[in-house]
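Written out below as structure tokens is the structure these notes cover.
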Amino acid sequence: MASHILPTYARVDLAFERGEGAWLIATNGDRYLDFASGIAVNVLGHAHPRLVAALTEQAQKLWHVSNLYRIPEAERLADRLCEVSFADTVFFTNSGAEALECAIKMARKYQSASGKPERYRLITYEGAFHGRTLATIAAGGQKKHLEGFGPPVDGFDQVPFGDVEATKRAIGPQTAGILVEPIQGEGGVRVAPPGFLPALRRLCDEHGLMLVFDEVQTGIGRTGTLFAYEHMGVTPDIMPIAKGIGGGFPLGACLGSAEAAKGMTVGTHGSTYGGNPLATAMGNAVLDAVLEPGFLDHVRKLGLLFKQRLAELKDRHPAVIAEVRGEGLLVGVRTVVANAKLVDALRAQKMLAPAAADNVVRLFPPLIVSEVELGEAVARIDRACAAIEAELAEPLKEGAAG
């Protein structure tokens with residue numbers, strides 16, 4: 001039977017009815033080890049008791065009141081996010097793309113409020129992914145996302161990721177800021193090279209620009225610190241986040257310093273659902289868990305172990321795995337074969353992992369994954385690689401027999 005859902009996704013013929021921690025149970029009863037985590041969203045896994053309790057409790061009180069009134073749950077979450085980050089102020093959204101839209105507007109409005117309204121352009125980077133709105137696909141600059149939607153939104157100047165000199169050359173009298181992912185997730189888990197982000201901070205300080213870190217995918221513990229900027233030693237002015245902060249509930253936020261947000265006055269931005277009581281109750285529950293003593297230590301420990309074990313698999317399966325990259329539990333495996341082949345082989349082993357650009361398969365376990373489950377994932381990746389190697393060997397056998 002044909003679906004009435006707009007066919008913009010190449011969906012796998014697989015559906016799930018429930019989840020338990022790092023596992024998903026399909027409608028036919030099969031259990032899958034979930035290293036997709038809803039594309040780095042389900043940081044506490046599936047059906048986490050803390051999230052279930054928070055959702056149930058808040059659902060019996062209030063879901064939505066609008067931003068015409070104060071929302072205590074949102075105020076508490078904003079206070080906590082500012083306490084644990086560089087930020088002084090927070091705007092809540094429903095998604096990462098909306099958080100990016102707010103960040104773009106904030107960077108432009110800062111310049112206007114500073115008496116430089118001609119400064120509206122942002123320098124962005126090849127391979128970036130910032131969302132699917134008209135502005136964010138223009139910021140990402142990828143032809144496959146822009147094609148067919150008319151002239152791209154003006155205001156973005158793309159340069160190669162990691163190239164400080166190209167960034168310098170792109171700065172002009174209309175430049176408002178620099179927008180960058182500390183680790184390009186959709187772009188293939190490409191970590192910013194050493195010295196690159198500090199150089200961007202210096203350039204922004206020198207030229208009076210806003211430094212915007214897109215931490216939609218890297219934030220909320222994914223890299224082993226609450227935010228990736230912490231262990232990279234560089235503080236941005238503006239930081240959009242989403243994905244992990246809601247633990248699976250739609251929630252995003254744009255964090256900014258008081259200086260960066262000085263132009264965002266009454267009436268300059270808004271959202272009907274952003275920061276609603278239900279969403280921000282979930283955000284507070286996620287922070288309760290992620291900020292518990294030892295939680296991020298666990299992420300760092302397992303991230304290191306995972307990369308070590310994957311490096312062993314790379315040595316064992318050189319015909320399949322070319323490189324292991326990433327930080328914490330944001331890990332990418334660049335493949336020799338088409339990455340879709342490894343994604344399919346993993347699914348045959350009842351393990352879920354999404355593909356990315358640069359021929360990479362991303363491995364995004366929930367941050368609550370156990371060492372035993374991590375070992376099970378390595379075993380399944382091992383078997384998937386072996387199956388691919390056996391498939392690659394078949395034509396050779398047939399040729400030898402002929």
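The values are calculated or read from the model by the stated rules, or taken from the named source; none is laboratory data. As the structure is a computational prediction, the values presented were derived from the model and not from experiment. Here Cβ is always computed from backbone atoms with ideal geometry, including for glycine, and neighbour counts include all displayed protein chains. These accessible areas exclude ligands, DNA and RNA; they are computed on the full protein's heavy atoms, side chains included. Shrake-Rupley method; radii C 1.70, N 1.55, O 1.52, S 1.80 Å.
Kindly list, by first and then second residue, each pair from a residue in segment 262-280 that is at pLDDT 95 or above to a residue that is loosely packed, with under 14 Cβ neighbours inside 10 Å and among the hydrophobic types (A, V, I, L, M, F, W, C), limited to pairs with Cβ atoms under 7 Å and residues at least 6 apart or on different chains.
N276/W63; P277/W63; P277/V65; L278/A59; L278/W63
Just the residues that are open to solvent by 10 Å² or more (accessible area, probe 1.4 Å) and farther than 22 Å from R121 by Cα, please, taken from segment 193-222.
Result: P193, P194, G195, Q217.
Select from segment 24-38 the residues that are within 23 Å of A356 (Cβ to Cβ) and either charged (D, E, K, R) or touching a strand residue (DSSP E or B) at 6+ places or on another chain (Cβ under 8 Å) (or both) and list them in ascending order.
L24, Y32, L33, D34, F35, A36
What are the residues in segment 162-192 that are open to solvent by less than 30 Å² (accessible area, probe 1.4 Å), over 26 Å from G328 (Cα atoms) and not small (G, A, S), if any?
Selection gives T167, T175.
Here is a yes/no grid of residues against (1) of a type outside the set (A, V, I, L, M); (2) touching a Phe, Trp or Tyr at 6+ places or on another chain (Cβ under 9 Å); (3) open to solvent by 20 Å² or more (accessible area, probe 1.4 Å):
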residue	(1), (2), (3)
V331	no, yes, no
A338	no, no, yes
L342	no, no, no
A353	no, yes, no
L363	no, yes, no
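Among the residues of segment 47-67 satisfying the criterion of being in a loop (DSSP other than H, G, I, E, B) and not hydrophobic (A, V, I, L, M, F, W, C), which is least open to solvent (accessible area, probe 1.4 Å)?
My answer is S66.
Taking the conditions exactly as written (open to solvent by 40 Å² or more (accessible area, probe 1.4 Å), of a type outside the set (D, E) and not in a loop (DSSP other than H, G, I, E, B)), does R76 satisfy them or not?
yes
Which one is farthest from P182 (Cα to Cα), of the residues in segment 307-336 that are of a type in the set (A, V, I, L, M, F, W, C) and in contact (Cβ under 8 Å) with a residue 60 or more places away in the chain?
A319
Can you confirm whether F295 is aromatic (F, W, Y) and open to solvent by 10 Å² or more (accessible area, probe 1.4 Å)?
yes
Just to be sure I understand the filter: pairs with C-beta atoms under 8 Å, separated by 6 or more residues or on different chains, first member in segment 1-21 and acidic (D, E), second member open to solvent by less than 80 Å² (accessible area, probe 1.4 Å) and modelled with pLDDT of 95 or more. Which pairs pass?
Close Cβ pairs (under 8 Å, with a partner that is open to solvent by less than 80 Å² (accessible area, probe 1.4 Å) and modelled with pLDDT of 95 or more) amount to E17/I25; E17/A26; E20/G45; E20/H46; E20/A47.
Within segment 5-15, can one find any residue that is among the acidic types (D, E) and open to solvent by less than 20 Å² (accessible area, probe 1.4 Å)?
Scanning segment 5-15 turns up no residue that is among the acidic types (D, E) and open to solvent by less than 20 Å² (accessible area, probe 1.4 Å).
Looking at (1) in a loop (DSSP other than H, G, I, E, B); (2) under 22 Å from F156 (Cα atoms), find the lone condition where G224 falls short.
(2)
Could you go through segment 261-268 and let me know if any residue there is of a type in the set (A, V, I, L, M, F, W, C), open to solvent by less than 40 Å² (accessible area, probe 1.4 Å) and within 19 Å of V41 (Cβ to Cβ).
Checked against the condition, which is being of a type in the set (A, V, I, L, M, F, W, C), open to solvent by less than 40 Å² (accessible area, probe 1.4 Å) and within 19 Å of V41 (Cβ to Cβ), segment 261-268 yields no hits at all.
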